[in-house]
Amino acid sequence: MKNTKNTAKTLTENMINSAMAVSCARRDYFPDKQALLNAFTFFKDALFLYTLNPKLESKNCGINDFEKRLKKNLKILEREIKHYLCFSSAEKPANAAKQAAEITQKFEQALPKLQALALSDVEAAYNGDPAAKNYYEVMLCYPGLLAVTLQRMAHFLYENDLQLTARIITEHAHSLTGIDIHPGAKIGRGFFIDHGTGVVIGETTEIGDNVKIYQGVTLGAKSFPKDENGHAKKGLKRHPTVGDGVTIYAGAAILGPVKIASGTVVAANTWITEDIK
């Protein structure tokens, strides 16, 4: 018991010291991870709302309730963006609040486009998997759709310089599905990840339209160039560019900034480090 008490004391002291390393003002804006994840769970569901519950189309009470929930969760997003800006860059609260309101408005305006992309993924999954009985099964059950839908929304935040906020969302999707897609990856329409477990897609990956990949596929980096101090260089193209209509079978690893031509079929368990033309 004495050792347990000593360990607890040490952990507490370390936590306090770590907290003291961040200014009091910045600690006040530490991101609320769970609130952010709850909001994006709602946004994800909202993209399929009218498809899953068509009765809402003819019931004003249902639409009004949806609008209230949408506004509530947009306010949470706006607050968390403000907190991120204050915490990560010591931005003044007044400036951060203005930026947060502008980005949140842009996100709301982007939701119809994000919905169209998500529905194209549903159709791709249904058409690409003989086991799918209907669209509802895809929307409610398929882990690939969940991971990609959350990544598409996170990518919007990533493109607006909210990298930490975006990463929280995609790592949550990773923990739920076993599919690891960096929010920086650019993904076209009609993307289908079949089964999905063990898929890894790196930050600078670019994926065209109507691409299908299977479990265990890696779209990763081959190596990390170092700067004069021995640190990995940032901002370089490190991951593959995959053309339209490509199929990549289970266990394939495509590494480095290589290009995979449109229409290519990549065999299972292959190791690719050169362009396929």
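Numerical summary
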item: Dipole axis of the chain (+1 Lys, Arg; -1 Asp, Glu on Cβ), positive-most option in 229, 254, 175; result: 229
item: Exposure of residue 182 as accessible area (Å², to 10), given a probe of 1.4 Å and all protein chains; result: 30 Å²
item: Relative contact order computed over the stretch 120-277 (Cα-Cα under 8 Å; 6+ residues apart), in percent; result: 16 percent
item: Solvent-accessible surface (1.4 angstrom probe) belonging to residue 175, in square angstrom, nearest 10; result: 90 Å²
item: Potential lengthening between residue 140 and residue 113 on full extension [0.36 nm per residue; Cα-Cα distance subtracted]; result: 7.7 nm
item: Efficiency of FRET from Cβ geometry, residue 101 and residue 164, R₀ 22 Å, rounded to 0.05; result: 0.70
item: Entries of 71/92; 33/222; 33/212; 113/237; 33/92 with Cα pairs more than 28 Å apart; result: 33/222; 33/212
item: Listed pairs 186/259; 186/277; 82/106 exceeding 18 Å between Cα atoms; result: 186/277
item: With DNA, RNA and ligands ignored, accessible area of residue 159 (1.4 Å probe; Å², nearest 10); result: 110 Å²
item: Check: the chain dipole with +1 on Lys, Arg Cβ and -1 on Asp, Glu Cβ, in debye; result: 820 debye
item: Alpha-carbon gyration tensor eigenvalues x 5, square-rooted, for the chain, Å; result: 33, 28, 19
item: Distance (nanometres) between label positions extended 7 Å along Cα→Cβ at residue 269 and residue 6; result: 5.2 nm
item: The stretch 131-223, relative contact order [Cα under 8 Å, separation at least 6], %; result: 23 percent
item: Inter-label distance for residue 32 and residue 94, nm, one decimal - labels placed 7 Å from Cα along Cα-to-Cβ; result: 2.5 nm
item: Cβ-defined net charge surrounding residue 237, 10 Å radius [Lys, Arg +1; Asp, Glu -1]; result: -1
item: For the stretch 176-240, radius of gyration divided by Kirkwood radius, i.e. Rg to Rh on alpha-carbons; result: 1.05
item: Fraction of beta bridges assigned by DSSP in the chain that are antiparallel (%, nearest 5); result: 5 percent
item: Residue-span extension gain [residue 277 to residue 67] - 0.36 nm each, minus C-alpha spacing; result: 70.8 nm
item: Rounded to whole Å, sorted largest first: equivalent-ellipsoid semi-axes of the stretch 55-163, Cα gyration tensor; result: 32, 19, 10
item: Rg(Cα) / (2.2 N^0.38 Å) computed for the stretch 94-240, rounded to two decimals; result: 1.12
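The values are calculated or read from the model by the stated rules, or taken from the named source; none is laboratory data. Every value quoted in this text rests on a predicted model; they were computed, and no experiment measured them. Ideal geometry is used to build each Cβ from the backbone, glycine not excepted, and the neighbour counts take in all protein chains shown. These area figures cover heavy atoms from the full protein model, side chains too; ligands, DNA and RNA do not enter into them. Shrake-Rupley method; radii C 1.70, N 1.55, O 1.52, S 1.80 Å.
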